[in-house]
Amino acid sequence: MIPTMQHTTTRGLSLIGILVTLGCIVVLMSIYMSSVQKAVTGGKGTSTATSVWGMMDQIQLQTIGKSLMMDAITSGQYLTPSTLSRSDDIRDNTSANFWSAMLLQNMVNAEQLISKTDPSWVELATPDYRARFWDSNFSADLNETFNVSFAHMPLWGNRLEKRWNGRAGSFPILGNRGPKDGIEQSDSVTLDDDGTWRGWVYNSDGSIEFVEGTTINSRWRRFDGISQDTIFEDESDSPDDAVLGFTLEMDDYGPIYVWD
């Protein structure tokens, strides 16, 4: 008997099948990457409270604020360089001294001082723990590479005396940095592509809010009766206004700010 020849059929992907599969993968990856981009950055040029980076800013500011509150239990006032050193010299209360004192007092770590939403070159600080009160190498000068992303209330005058503590109510003391004088539609890198500032503002009572636009409604009574503040403008006509920024120097006339 002549044996019957048996044919074995091998199944595999054709060239067309491979191309179709690759096409599906590309489409799915493009959808996925778009979703990731929106989740991480809030989308091109726009900050959001619910993006991953936005939520990280919220957590970081709350952590910094809680550290200030815990440290103030005994002193009654949030960390102030001139008080820490017992110099009572207002010139000590610059942003660089304040933030580096926070590091040297182990109230924060260097990573917590950098925002993922900061579009500038922010370098991780390497604290010099041999320094007594603050680190002279720490930079809060926006004209060069700096070590911190977050703005704070100027530690000077009426604000320092009445607002730099946990009893001041809902008064802005920390936040994402913003444009000079709160002017939107400018060339500041702190603005989104649509020219609007968006960021977190932490208040002295521990509350935090996501703010769209540099003008906020006051929840405290200003001496001049104005119910709104531009939180990146030092309105010298009122010692009770809210302002957040980077103080490069301090003198008898008040803070000297630095902006990008």
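If we scan the stretch 218-230, do we find a residue that is within 14 Å of the chain's Cα centre (by Cα) and in contact (Cβ under 8 Å) with a residue 40 or more places away in the chain? Looking for residues that are within 14 Å of the chain's Cα centre (by Cα) and in contact (Cβ under 8 Å) with a residue 40 or more places away in the chain, one finds none in the stretch 218-230, hence no. Within the stretch 191-205, is there a residue that is under 30 Å from ASP71 (Cα atoms), not in a strand (DSSP E or B) and not β-branched (Val, Ile, Thr)? Scanning the stretch 191-205 turns up at least one residue that is under 30 Å from ASP71 (Cα atoms), not in a strand (DSSP E or B) and not β-branched (Val, Ile, Thr). Kindly indicate whether any position in the stretch 216-233 is more than 24 Å from ARG167 (Cα to Cα), out of contact with any helix residue (DSSP H, G or I) (no Cβ under 9 Å at 6 or more places or on another chain) and acidic (Asp, Glu). The answer is no; no qualifying residue exists.
Matching residues to (1) modelled with pLDDT under 90; (2) small (Gly, Ala, Ser); (3) over 19 Å from SER95 (Cα atoms):
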{"position": "ASP181", "(1), (2), (3)": "no, no, no"}
{"position": "SER186", "(1), (2), (3)": "yes, yes, yes"}
{"position": "ARG198", "(1), (2), (3)": "no, no, yes"}
{"position": "VAL201", "(1), (2), (3)": "no, no, no"}
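Considering the conditions (1) in contact with a Gly (Cβ under 8 Å, 6 or more places away or on another chain); (2) closer than 24 Å to SER51 by Cα, PRO172 is excluded by exactly one of them, (1).
Residue under question is THR94, and the condition is that it be β-branched (Val, Ile, Thr), surrounded by 18 or more Cβ atoms within 10 Å (Cβ to Cβ) and modelled with pLDDT under 60; does it hold? Spelling it out, it is not the case that THR94 is β-branched (Val, Ile, Thr), surrounded by 18 or more Cβ atoms within 10 Å (Cβ to Cβ) and modelled with pLDDT under 60. The single condition among (1) at pLDDT below 90; (2) farther than 24 Å from ASP193 by Cα; (3) touching a helix residue (DSSP H, G or I) at 6+ places or on another chain (Cβ under 9 Å) that THR74 does not meet is (3).
May I ask you to say which residue of GLY178, GLY169, GLY157 is out of contact with any helix residue (DSSP H, G or I) (no Cβ under 9 Å at 6 or more places or on another chain) and touching a residue at least 60 places away in the same chain (Cβ under 8 Å)? Exactly one of GLY178, GLY169, GLY157 is out of contact with any helix residue (DSSP H, G or I) (no Cβ under 9 Å at 6 or more places or on another chain) and touching a residue at least 60 places away in the same chain (Cβ under 8 Å), namely GLY178.
Filter the stretch 116-125 for residues that are of a type outside the set (Asp, Glu), out of contact with any Leu (no Cβ under 9 Å at 6 or more places or on another chain) and either crowded, with 18+ Cβ neighbours inside 10 Å or at pLDDT 90 or above (or both) and give the result.
Of the residues in the stretch 116-125, the ones of a type outside the set (Asp, Glu) are 116-117, 119-122, 124-125.
When the remaining residues are screened for being out of contact with any Leu (no Cβ under 9 Å at 6 or more places or on another chain), the result is 116-117, 119, 121.
THR117 - this is the single residue of the stretch 116-125 that is of a type outside the set (Asp, Glu), out of contact with any Leu (no Cβ under 9 Å at 6 or more places or on another chain) and either crowded, with 18+ Cβ neighbours inside 10 Å or at pLDDT 90 or above (or both).
Looking at the stretch 121-136, is at least one residue aliphatic (A, V, I, L, M), in a loop (DSSP other than H, G, I, E, B), in contact (Cβ under 8 Å) with a residue 24 or more places away in the chain and under 18 Å from GLY54 (Cβ atoms)? For the stretch 121-136, residues aliphatic (A, V, I, L, M), in a loop (DSSP other than H, G, I, E, B), in contact (Cβ under 8 Å) with a residue 24 or more places away in the chain and under 18 Å from GLY54 (Cβ atoms): absent.
The values are calculated or read from the model by the stated rules, or taken from the named source; none is laboratory data. Because the structure is predicted, anything quoted here is derived from the model rather than measured. Cβ sites come from the backbone with ideal geometry, for glycine too, and all protein chains shown count toward neighbours.
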